[in-house]
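**Q** Sharing a structure here in structure tokens format.
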Amino acid sequence: MKRLSVLLACLLVSGCASLSVQTATFDLAQGELLVEYQGSIGRSGSGHAQFLQPHGIIAHQAGNLGYLFVADTGNQRIQVLGTDGTFRFEFGRFGIDPGRFNDPMGLAFDGTRLYISDQKNHRIQQFDWQGNYITAFGSQGSGKQEMHRPHGVAVDSLGYLYIADTENDRVLKVDAQGNQIKIIGGFGTGPGFMLRPSAVIAEPGGRVLVLDARNHRVQRFTEEGDFLSMFGSPGKAVGQLREPQSMARSKDGLLFIADTGNNRITVFDTQGKWVREITAPAMKSPSGLAVGQDNMLYVADTGNDRILKYKITRIKTIMKK
């Protein structure tokens, strides 16, 4: 009966042409989760809408227009596309000068400024949403105002920036000018400690989620850096992770994780309970994620030099088991 309810719901939503591979649903407290593959954007190359090892990605809505900002890491630039994959513009190139990059990685947007982790230049650069350079902060090291190969970045509702200071095994909380407010974590494997954190999410209510990549888990902290909880363990079984590199949160709190070493996307609920995984089409080292206002999930399929697009929908169960 449960299988029948899934089939009927799927038919109502999309026709369900490939339920066994691209679409499946699982029980959730608020209904069921439907994931439908919508196609891919881009291919290998250095031209417009082409990529070399894309990483960070964010979806931005400006009026009726949707944009994707992609850290096209191997091409040392940021590409801006329409959500349909249409090329809009690009900015940046290789170098150490302001506005140039040496492996751009993580992206965050506060409504006015775009923050980009310029990994091998050990700094955060700021641009407006049209790609105009504003300023930068950070230098290589482990002291105050310093970082070592920063990766993921996130902005909270008060405008504070959280930076996954990856090689220093910590997360930095700074203001918009880069002034250090708080250090979260530190080298280790116990609760509250980290090994190569790769991504950060500022949750509603002031909590902070950290993707603790080499510990193969997610940790939750208060905004003051106090440890709250964690979930995930190393491996390839259900609910396990292998050096995950990115995560994104949907409007209703589902957590999508780029389970990079397992070549899949793993989905958890707000309490860290496994919901499902996404593996089709075949991914290779997915390393960037974004969920748009249109309930589209965008995946930087890094090893295949493309962006994958999925529609995610909560549906109600038609029949109960």
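**Q** Go through the residues of the range 170-187 one by one and say whether even a single one is farther than 25 Å from K144 by Cα and at pLDDT below 95.
**A** Step one: list which residues in the range 170-187 are farther than 25 Å from K144 by Cα, which gives none.
No, the range 170-187 contains no residue that is farther than 25 Å from K144 by Cα and at pLDDT below 95.
**Q** Which condition does G190 not pass, out of (1) open to solvent by 30 Å² or more (accessible area, probe 1.4 Å); (2) in a loop (DSSP other than H, G, I, E, B), if it passes all the others?
**A** Of everything listed in (1) open to solvent by 30 Å² or more (accessible area, probe 1.4 Å); (2) in a loop (DSSP other than H, G, I, E, B), G190 misses just condition (1).
**Q** I've got another one for you. Within the range 150-177, which residues are of a type in the set (F, W, Y) and either farther than 14 Å from T112 by Cα or open to solvent by less than 10 Å² (accessible area, probe 1.4 Å) (or both)? Write out each step before concluding.
**A** Going residue by residue through the range 150-177, those that are of a type in the set (F, W, Y) are 160, 162.
Scanning the range 150-177 gives a single hit, Y162.
Here is a yes/no grid of residues against (1) open to solvent by less than 40 Å² (accessible area, probe 1.4 Å); (2) modelled with pLDDT of 85 or more; (3) among the β-branched types (V, I, T):
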| position | (1), (2), (3) |
| --- | --- |
| L4 | no, no, no |
| D27 | no, no, no |
| G31 | yes, no, no |
| S44 | no, yes, no |
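**Q** Which of the residues that make up the range 93-107 are in contact (Cβ under 8 Å) with a residue 24 or more places away in the chain, of a type outside the set (K, R) and open to solvent by less than 70 Å² (accessible area, probe 1.4 Å)? Let's see the steps before the verdict.
**A** Here is the first cut: in the range 93-107, the ones in contact (Cβ under 8 Å) with a residue 24 or more places away in the chain are 96, 98-107.
Cutting the leftovers down to of a type outside the set (K, R) gives us 96, 98-99, 101-107.
The answer is G99, F101, N102, D103, P104, M105, G106, L107.
Yes/no per residue for (1) within 24 Å of H60 (Cα to Cα); (2) open to solvent by 10 Å² or more (accessible area, probe 1.4 Å); (3) part of a strand (DSSP E or B); (4) among the aliphatic types (A, V, I, L, M):
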{"position": "G206", "(1), (2), (3), (4)": "yes, yes, no, no"}
{"position": "V218", "(1), (2), (3), (4)": "no, no, yes, yes"}
{"position": "E223", "(1), (2), (3), (4)": "no, yes, no, no"}
{"position": "V238", "(1), (2), (3), (4)": "no, yes, no, yes"}
{"position": "T266", "(1), (2), (3), (4)": "yes, no, yes, no"}
{"position": "P281", "(1), (2), (3), (4)": "no, yes, no, no"}
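**Q** Q22 - would you say it is in contact with a strand residue (DSSP E or B) (Cβ under 9 Å, 6 or more places away or on another chain) and modelled with pLDDT of 95 or more?
**A** On the way: in contact with a strand residue (DSSP E or B) (Cβ under 9 Å, 6 or more places away or on another chain): yes; modelled with pLDDT of 95 or more: no.
Here the answer is no, as Q22 does not meet what is asked.
**Q** Okay, moving on. Among the numbered conditions (1) in contact with an Asp or Glu (Cβ under 8 Å, 6 or more places away or on another chain); (2) open to solvent by less than 60 Å² (accessible area, probe 1.4 Å); (3) part of a strand (DSSP E or B), tell me where E90 comes up short.
**A** With respect to (1) in contact with an Asp or Glu (Cβ under 8 Å, 6 or more places away or on another chain); (2) open to solvent by less than 60 Å² (accessible area, probe 1.4 Å); (3) part of a strand (DSSP E or B), E90 is out only on (2).
**Q** Let me ask another. Answer with yes or no whether K144 is in contact (Cβ under 8 Å) with a residue 12 or more places away in the chain and either within 16 Å of G56 (Cα to Cα) or open to solvent by 50 Å² or more (accessible area, probe 1.4 Å) (or both).
**A** Details: in contact (Cβ under 8 Å) with a residue 12 or more places away in the chain: yes; either within 16 Å of G56 (Cα to Cα) or open to solvent by 50 Å² or more (accessible area, probe 1.4 Å) (or both): yes.
Yes; evaluated as a whole, the condition is true for this residue.
**Q** Related question: Taking the range 227-255 as the search range and keeping residues that are among the basic types (K, R) and under 28 Å from D294 (Cα atoms), which one is farthest from the chain's Cα centre (by Cα)?
**A** First, the residues of the range 227-255 that are among the basic types (K, R): 236, 242, 249, 251.
Narrowing the set further to residues that are under 28 Å from D294 (Cα atoms) leaves 249, 251.
Details: R249: 8, K251: 14 Å.
Once the filter is applied, the top-ranked residue is K251.
**Q** Okay, next question. Given I116, I134, which one is more than 27 Å from A258 (Cα to Cα) and not small (G, A, S)? Step through it out loud before you land on a result.
**A** Numbers: I116 fails: more than 27 Å from A258 (Cα to Cα).
I134 is the lone residue from the list that is more than 27 Å from A258 (Cα to Cα) and not small (G, A, S).
**Q** Give all pairs with beta carbons closer than 7 Å in which a residue from the range 201-220 that is on the phi > 0 side of the Ramachandran plot meets a residue that is among the acidic types (D, E) and open to solvent by 10 Å² or more (accessible area, probe 1.4 Å); count only pairs at least 6 apart in sequence or on separate chains.
**A** If the second residue must be among the acidic types (D, E) and open to solvent by 10 Å² or more (accessible area, probe 1.4 Å), the pairs left are G206/E223; H216/E243.
The values are calculated or read from the model by the stated rules, or taken from the named source; none is laboratory data. Values in this document were obtained by computation on a predicted structure and should not be read as measured data. Cβ coordinates were reconstructed from backbone atoms using ideal geometry, including for glycine residues, and neighbour counts include every protein chain displayed. What goes into the accessible areas is simple: the full protein's heavy atoms, side chains included, and nothing from ligands, DNA or RNA. Shrake-Rupley method; radii C 1.70, N 1.55, O 1.52, S 1.80 Å.
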